[in-house]
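Beneath this line is the structure, given in structure tokens, with notes to follow.
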There are 2 protein chains.
Amino acid sequence: MALRLPLGFRAGAVRAGIKPSGKPDLALLASGLPALWALATTQNRAAAPSVQRGRRLYEGQAPLRAVVVNAGNANCATGQRGVLDDERMAQTAALRLGVSLEEVLTASTGVIGVPLPVEKIEAALPQIELTPFADAFAEAILTTDLAVKTAEAQVGAARIVGVAKGSGMIHPNMATMLAFLVTDAALPQEALRAGFRRVVDRTFNQVTVDGDTSTNDLALLMANGAAGPVEEGAFFEALEGVARSLARQIARDGEGATKLMTVRVLGAATEEEARQAARTVAASPLWKSALYGNDPNWGRILAALGNSRAHFDPLRVRIVLQGIPLYDGGALPFDRGAASQAMRAEEVEVLVDLRQGGAQGEAWGCDLTEGYVRINALYTT
Amino acid sequence: MALRLPLGFRAGAVRAGIKPSGKPDLALLASGLPALWALATTQNRAAAPSVQRGRRLYEGQAPLRAVVVNAGNANCATGQRGVLDDERMAQTAALRLGVSLEEVLTASTGVIGVPLPVEKIEAALPQIELTPFADAFAEAILTTDLAVKTAEAQVGAARIVGVAKGSGMIHPNMATMLAFLVTDAALPQEALRAGFRRVVDRTFNQVTVDGDTSTNDLALLMANGAAGPVEEGAFFEALEGVARSLARQIARDGEGATKLMTVRVLGAATEEEARQAARTVAASPLWKSALYGNDPNWGRILAALGNSRAHFDPLRVRIVLQGIPLYDGGALPFDRGAASQAMRAEEVEVLVDLRQGGAQGEAWGCDLTEGYVRINALYTT
């Protein structure tokens, strides 16, 4: 499965010896041309140095040439030393590529509170072989993910390629989500940033595995313009498709998950309320447990909706599970056995019509399983 | 363990046949004198008719004489019929006591979306024998709780008695928390309501079992004045003690829980930030799983703090677990085995100093266990 990068991009990875498994753990993604870029980062107040550095560069507005990523160590809660180590990682990549320090973004994922073995990074990084393919990069950024996560799209002459890592959270890793999207389309910086913000709000920010937000989350879009201008509407539609696919892959690969949950909320007063309501349902431990047990317990969906900030009238709302209407302003008669059977699927869809307005939104999550608890509790110390 | 009610209060319970177990499930608590009262209810938008009715009466400011509670059926998502059934339940209690309909509050807990068998309530309620003791009442309001929850305090000549049910959430019940506090102290209505609000914010609202909020949550305080005036400061301190004890009992009895977690946050900029930070740690699934596994994983505590809205600097915050300092602006050296051993306790305390200001707050929760998932998923349909 060779995934070719858009024009002008190259990527590669190497074993630096950060992951205890000895798998590749240091990855580099670079553009031959200076790229315009957009960035979304975690809201966590204990954000890692890589995130803080990314935000600072982002304010500067200067073009970007590369991102260097290590997996196995989050370089978070590592004090002032962590800030310097992060800078050294960027410097090593800048030297390797012959670009300036400020043109290189960093990202880290893995154990928290342990100093980054930056010497290993300095030793290994020059050995990274850059190719026009995303595969080695996509593999190296994973931590406890069970699957590589990639997606692509074509927009006119341009292409978009996305790579992500998800929410594998085996101790002592955090639920870090990293996503890197690259395109050879040419777009104005302002449109790129506003459009990416919108796409992230509708996709990556709508993934919930356990409600915890990592200190290292980061989503990056680089556009080097090598394929020339594109129609903006078509571009952002395609970009949303790529991001949506990655978001779903992340949710599906949630720790201990046995199935993907998609929650679609229609008829909301605003898009934000739709998204918030969808997220609240997707995040409800009670409903996630019922999902695991194939229990069509719509009361938990209704209660979760009530916990969201979305406006609705319980006497008017409609809830449909796997195409089976369960509630419409009141309990509907339905075959409980058949509904439970319909929940035994790779993907379960919850459809909610709030009947308040015309806005809609989606969220993705997974079931809450004994496996999740085991992974995060029993197989640790 | 006979728990005597304050002067002028009587209570009792009966089997109405709502609980499948056949245990007592209809309870009545009454004051011979009209009582001033304060009420706190769920923020869930799908609030049950009993909650909505309680809010309406609350606005009216008229004194209260009684509360009637049924367990086994939440009478929620039951449409217009649910509203009428709730009114009939109140009316039945009012007739039994010879008071007016508007002097009787209702509370319900149990299955959602199933019509309330109000005829059973009408048949059974007149048989309730009222005594000066809280025990039968405290037993009848339970659903899947493993233990009766009561607390009491003395303030001068007055007494305070509190009774609660917690977050037993076996399908199809919801995580309903009900708390009833009664006192024979005499206090002005305004002070009573403001003080109760403050107490509830510091106690019941700081309990988190799984982050889901029920459609039926309700906490009531009745003060009939039979024992005369009290010093307000001493009264609210005692009231907070009673509410705090009940809140801790509720957290300890969380579904599948093997231990109680207390999170104390010091040095916050405001009391609200302290409470919010404490709650976010107590609610973190990652940290709750680590707690279950006796894993002193302070990174998860730090990340949870970062997810709260509290202001702090990760390079200055201090984290102490069971008296063992783990983090102080950076990782501290500690004996991991000894820390893990210290976590094998009935109660685990997390102490956080944000070093931002002088405010503090507490929250209570429990560990996230395979038992929680099993109770809510596997033993249902």
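The values are calculated or read from the model by the stated rules, or taken from the named source; none is laboratory data. Predicted, not measured: the structure shown is a model, and the values here were computed from it. Here the Cβ is made from the backbone with ideal geometry for all residues, glycine too, and neighbour counts use every protein chain on show.
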(message) Among the residues in region B:4-12, are any over 30 Å from residue A:308 (Cβ atoms), surrounded by fewer than 24 Cβ atoms within 10 Å (Cβ to Cβ) and out of contact with any strand residue (DSSP E or B) (no Cβ under 8 Å at 6 or more places or on another chain)?
(response) no
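When the residues of region A:258-308 are filtered to those that are assigned to a loop (DSSP other than H, G, I, E, B) and under 24 Å from the mean Cα position of the chain (by Cα), which remaining residue is farthest from the other protein chains (Cβ to nearest Cβ)?
Of region A:258-308, the ones assigned to a loop (DSSP other than H, G, I, E, B) are A:258-259, A:269-270, A:284, A:293-297, A:308.
Now restrict to residues that are under 24 Å from the mean Cα position of the chain (by Cα): A:258-259, A:270, A:284, A:308.
Values: A:258: 10, A:259: 12, A:270: 15, A:284: 6, A:308: 8 Å.
Only one residue tops the list, namely A:270.
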(message) Can you find, within region B:7-53, the residue that is farthest from the other protein chains (Cβ to nearest Cβ) among those that are part of a loop (DSSP other than H, G, I, E, B) and aliphatic (A, V, I, L, M)?
(response) B:7
(request) May I ask you to list the residues in region A:243-257 that are surrounded by 24 or more Cβ atoms within 10 Å (Cβ to Cβ) and within 14 Å of chain B (Cβ to nearest Cβ)? (result) A:254, A:255
(request) With respect to residue A:56, determine if the residue is of a type in the set (D, E, K, R) and within 13 Å of another protein chain (Cβ to nearest Cβ). (result) no
(message) Which condition from (1) within 22 Å of residue B:362 (Cβ to Cβ); (2) modelled with pLDDT under 95 is the one that residue B:189 breaks?
(response) (1)
(request) Determine which single condition residue B:361 fails, assuming it passes every other condition in (1) out of contact with any helix residue (DSSP H, G or I) (no Cβ under 7 Å at 6 or more places or on another chain); (2) crowded, with 16+ Cβ neighbours inside 10 Å; (3) more than 9 Å from every other protein chain (Cβ to nearest Cβ). (result) (1)
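Which residues, taken from region B:212-235, are away from every other protein chain (no Cβ under 14 Å) and either more than 12 Å from residue B:158 (Cβ to Cβ) or of a type in the set (Ser, Thr, Tyr) (or both)? Outline the logic, then answer.
Filtering region B:212-235 down to residues away from every other protein chain (no Cβ under 14 Å) leaves B:218-235.
B:218, B:219, B:220, B:221, B:222, B:233, listed by residue number.
Taking into account only those residues within region B:23-46 that are over 21 Å from the mean Cα position of the chain (by Cα), surrounded by fewer than 23 Cβ atoms within 10 Å (Cβ to Cβ) and not basic (Lys, Arg), which is nearest to residue B:197 (Cα to Cα)? Lay out the reasoning, then the answer.
Taking region B:23-46 first, the residues over 21 Å from the mean Cα position of the chain (by Cα) are B:23, B:31-35.
Cutting the leftovers down to surrounded by fewer than 23 Cβ atoms within 10 Å (Cβ to Cβ) gives us B:23, B:32-34.
Next, from what is left, pick out any that are not basic (Lys, Arg): B:32-34.
On the way: B:32: 25, B:33: 23, B:34: 21 Å.
The residue in question is B:34.
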(request) Among the residues of region A:67-78, write down those that are more than 10 Å from every other protein chain (Cβ to nearest Cβ) and more than 20 Å from residue A:239 (Cα to Cα). (result) A:68, A:69, A:70, A:71, A:72, A:73, A:75
(request) Residue by residue through region A:54-92, note down the ones that are part of a loop (DSSP other than H, G, I, E, B) and over 24 Å from residue B:313 (Cα atoms). (result) A:61, A:62, A:63
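Are any residues in region A:339-358 under 14 Å from residue A:281 (Cβ atoms) and within 14 Å of chain B (Cβ to nearest Cβ), and if so, which ones? Show your work before the answer.
Here is the first cut: in region A:339-358, the ones under 14 Å from residue A:281 (Cβ atoms) are A:348-354.
The answer is A:348, A:352, A:354.
From B:374, B:336, which residue is closer than 20 Å to residue B:285 by Cβ, modelled with pLDDT under 95 and charged (D, E, K, R)? Working first, answer last.
On the way: B:336 fails: closer than 20 Å to residue B:285 by Cβ.
Testing whether each residue is closer than 20 Å to residue B:285 by Cβ, modelled with pLDDT under 95 and charged (D, E, K, R) leaves just B:374.
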(request) Under 6 Å between Cβ atoms, at least 6 apart or on separate chains: pull out the pairs that start in region B:266-280 with a residue that is under 15 Å from residue B:320 (Cβ atoms) and end on any residue that is of a type in the set (A, V, I, L, M, F, W, C). (result) B:267/B:354; B:277/B:265; B:277/B:305; B:277/B:310; B:278/B:263; B:278/B:265; B:278/B:363
(request) Give the residues of region A:131-163 that are surrounded by 19 or more Cβ atoms within 10 Å (Cβ to Cβ) and farther than 16 Å from residue A:179 by Cα, sorted by residue number. (result) A:155, A:158, A:159
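So, restricting to strands (runs of 3 or more DSSP E) that lie completely within region A:309-364, which ones have at least 2 residues that are farther than 28 Å from residue B:52 by Cβ? Break it down stepwise before answering.
Details: elements: A:318-321, A:324-328, A:347-353.
Per the criteria, A:347-353.
For residues that are in contact with a helix residue (DSSP H, G or I) (Cβ under 9 Å, 6 or more places away or on another chain) and closer than 26 Å to residue B:17 by Cβ, tally how many sit in region B:48-64. It would help to see each step written out before you state the result.
Step one: filter region B:48-64 for residues in contact with a helix residue (DSSP H, G or I) (Cβ under 9 Å, 6 or more places away or on another chain), giving B:48-50, B:52-53, B:57-58, B:60-64.
Right, trim to closer than 26 Å to residue B:17 by Cβ and you get B:48-50, B:52-53.
Of the residues in region B:48-64, 5 are in contact with a helix residue (DSSP H, G or I) (Cβ under 9 Å, 6 or more places away or on another chain) and closer than 26 Å to residue B:17 by Cβ.
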